[in-house]
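S.K.: Handing you a structure now.
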Amino acid sequence: MAAVLERRALAAVTLASLLGLAAQLLFFHQPLGLNFLVVTALFLVAAWTLHDGTVPLRGRDLWLPISALTLAAFCAVRADTPLLAFDFVAAIICVGGTVAAWSGVPISALPVAGLVAEGWSLTERAVLGAADVLLPAWPRLRIAPKRFARVSGYVGGVGLAVPFVVVFALLFSSADAVFARSIENIFDLKRIAEFLSETPGRLFIALAVAWPAAGGLAALWRVPRDQATTRVWSLLAAETATVTLTLIAALFAVFVSLQLAYLFGGRDTLDAAAISYSSYARRGFFELIGAVALVGAVLFGLEHLVRERGRAYRAAALTLLGLTALVLASAWYRLDLYQQAYGWTELRFYAICAIAFLGLALAIFALCVVRGRMSYAVQPLALAAVLVALSANAIGPDAFVARANIARILDPSGLPADASRTFDADHLVGLGGGAIVELVDAFPRLPVSERLQADVLLRRELSRRDEDRRPDWQGWNLERERERAALVRARDELLR
């Protein structure tokens, strides 16, 4: 057993080192693009090479590696910053889930307590990194378990303190200019960029990838596998939870009745109440989204704390979910009214994505309440988030926003009478990527005043770019390449 662990430890360090070497070659002076897909695929290949062939793999966990590769691939397709950040983080999370699944952990069948334990274990392995596999396996397993547990406690303390330290640092920076200047000096971006431009920067990139990769590969055969039956103690009586849900549902019922009378009553009802539909739509949208999310959190918590789930409890929970769905519909309707009045923005697009996810989440919660399986709701929720993210990637937020707003200008006949008909070309150019492609394609069809506005902004954008320079393949991105080609076409059109 010790010899097997020694060989696996050596293989993990070797593959992680090669991955770090590849990462510093792919990411040095390159933006996030095709390089992230390559590194993700290489890590999954290394993990598959090292996984224990005798451990049964479950088909229900197959969505994890597929989602990891798909999200990483979209990092080479979309250039929208928020979407790119989500794809990057979600791909790393799916890679971690893949490692746990290939180590024999039934990720898709774990309750929430088991998922938390597995996530904590994987995070510890990634932070400890190569230190977890460089020491000889046999002495560490025989002599140092207590010392290793103490190190894990220290690591956990660091992880718990980091968010609080960040929040307090931001508060202190806002309160004191001297402290803020000190923080800026410590985290000087120019100094960091200069550091990363030298040879130590390459070593830093290699180590930043190889270290957690070694810990992740080590987790393939040392992830705890006894969390499937872990359960949170029951603390609440069924009557307490039922009354809580009933009172919340009563408040929601009053709110929904008002929504049915005013908002869903149409324009005539709002006009009779002397309420501008655009101002009414603008007010309270994010509060409603927050209320829906809070209902999900409350119900999720009660399901894990209640002792028994009788018919009254299930009826109250399903009633609250139904009323919450109407509140979510109200939020969507408000956003639709606001969009009709003022057009699309990137934030409104992501708000629609949030509504879609919350709608799926409510359906998942309802199914879990009926089946009594709320402890297993995290995996369907994660899959719903991945599906919404993939749909957003397939649509392309910046191109969609630009296309919809240009259509408002070209054909305003379907807009409400008091809707805004201004064309914000500055916003479209600021989105970049697909938005610039749509603006350049529609340039000849724009009205004269809007075309002059777009002309000025495109010339300004061309003055900032070197549109003839093609990027290296490591940082290649489909949307950025289409943007570059569109700017070349715009330059030729403007010169003519």
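The values are calculated or read from the model by the stated rules, or taken from the named source; none is laboratory data. All values reported here derive from a predicted model rather than from experimental measurement. A quick note on method: Cβ atoms are made from the backbone with ideal geometry, for glycine too, and the neighbour counts reach across all protein chains shown. Protein only, heavy atoms only, side chains kept; ligands, DNA and RNA dropped before computing areas. Shrake-Rupley method; radii C 1.70, N 1.55, O 1.52, S 1.80 Å.
S.K.: Here is a list: L415, L439, L431, L458. Which entry is more than 24 Å from L84 (Cβ to Cβ) and aliphatic (A, V, I, L, M)? Before the answer, list the steps.
M.R.: Values: L439 fails: more than 24 Å from L84 (Cβ to Cβ); L431 fails: more than 24 Å from L84 (Cβ to Cβ); L458 fails: more than 24 Å from L84 (Cβ to Cβ).
From the options L415, L439, L431, L458, the qualifying one is L415.
S.K.: Can you pull out the helices (runs of 4 or more DSSP H) entirely within segment 362-453 that have at least 2 residues that are crowded, with 19+ Cβ neighbours inside 10 Å, touching a Phe, Trp or Tyr at 6+ places or on another chain (Cβ under 8 Å) and not hydroxyl-bearing (S, T, Y)? Walk me through how you get there before you give the answer.
M.R.: Values: elements: 378-395, 397-410, 425-431, 434-442.
The qualifying helices (runs of 4 or more DSSP H) are 378-395, 397-410.
S.K.: Within segment 462-477, which residues are at pLDDT 80 or above and open to solvent by 70 Å² or more (accessible area, probe 1.4 Å)?
M.R.: Listed by number, the list holds a single entry, W476.
S.K.: Looking at segment 276-292 only, could you name the residues that are open to solvent by less than 20 Å² (accessible area, probe 1.4 Å) and either modelled with pLDDT of 80 or more or of a type in the set (D, E, K, R) (or both)?
M.R.: V292
S.K.: Just to check your reading of the model, which residue among R459, R489 is in a helix (DSSP H, G or I), closer than 25 Å to I395 by Cα and open to solvent by 30 Å² or more (accessible area, probe 1.4 Å)?
M.R.: On the way: R459 fails: closer than 25 Å to I395 by Cα.
Residue meeting the stated conditions: R489.
S.K.: Might you let me know whether segment 341-352 holds any residue that is under 30 Å from A238 (Cβ atoms), touching a helix residue (DSSP H, G or I) at 6+ places or on another chain (Cβ under 7 Å), open to solvent by less than 40 Å² (accessible area, probe 1.4 Å) and part of a helix (DSSP H, G or I)? Break it down stepwise before answering.
M.R.: Pass one, segment 341-352, residues under 30 Å from A238 (Cβ atoms): none.
No: segment 341-352 contains no residue that is under 30 Å from A238 (Cβ atoms), touching a helix residue (DSSP H, G or I) at 6+ places or on another chain (Cβ under 7 Å), open to solvent by less than 40 Å² (accessible area, probe 1.4 Å) and part of a helix (DSSP H, G or I).
S.K.: Here's a follow-up. Given the options V327, V295, V370, name the one that is at pLDDT below 90, over 21 Å from L260 (Cα atoms) and β-branched (V, I, T).
M.R.: V370
Results for (1) under 20 Å from G129 (Cβ atoms); (2) modelled with pLDDT of 85 or more; (3) assigned to a helix (DSSP H, G or I); (4) in contact with a Lys or Arg (Cβ under 6 Å, 6 or more places away or on another chain), shown as yes or no for each residue.
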| position | (1), (2), (3), (4) |
| --- | --- |
| A3 | no, no, yes, no |
| T14 | yes, no, yes, no |
| D52 | no, no, no, no |
| L57 | no, no, no, no |
| R60 | no, yes, yes, no |
| V77 | no, yes, no, no |
| F88 | yes, yes, yes, no |
| A101 | no, yes, yes, no |
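S.K.: Do the conditions hold for L37, that is, is it touching a Cys at 6+ places or on another chain (Cβ under 6 Å), open to solvent by 40 Å² or more (accessible area, probe 1.4 Å) and either in a helix (DSSP H, G or I) or at negative phi (or both)? Please lay out each step first, then the result.
M.R.: On the way: touching a Cys at 6+ places or on another chain (Cβ under 6 Å): no; open to solvent by 40 Å² or more (accessible area, probe 1.4 Å): yes; either in a helix (DSSP H, G or I) or at negative phi (or both): yes.
When the stated conditions are applied, L37 does not pass them.
S.K.: Sticking with this one: Return the pair list, or none, for Cβ contacts closer than 7 Å from residues in segment 197-223 that are open to solvent by 60 Å² or more (accessible area, probe 1.4 Å) to residues that are modelled with pLDDT under 80 and in a helix (DSSP H, G or I), at least 6 apart or on different chains.
M.R.: F204/L196
S.K.: How many residues does segment 103-124 contain that are in contact with a Lys or Arg (Cβ under 9 Å, 6 or more places away or on another chain) and not in a helix (DSSP H, G or I)?
M.R.: Of the residues in that region, 5 qualify.
S.K.: Then there is this: With respect to L64, is the statement that it is open to solvent by 20 Å² or more (accessible area, probe 1.4 Å) and assigned to a helix (DSSP H, G or I) true?
M.R.: Numbers: open to solvent by 20 Å² or more (accessible area, probe 1.4 Å): no; assigned to a helix (DSSP H, G or I): yes.
When the stated conditions are applied, L64 does not pass them.
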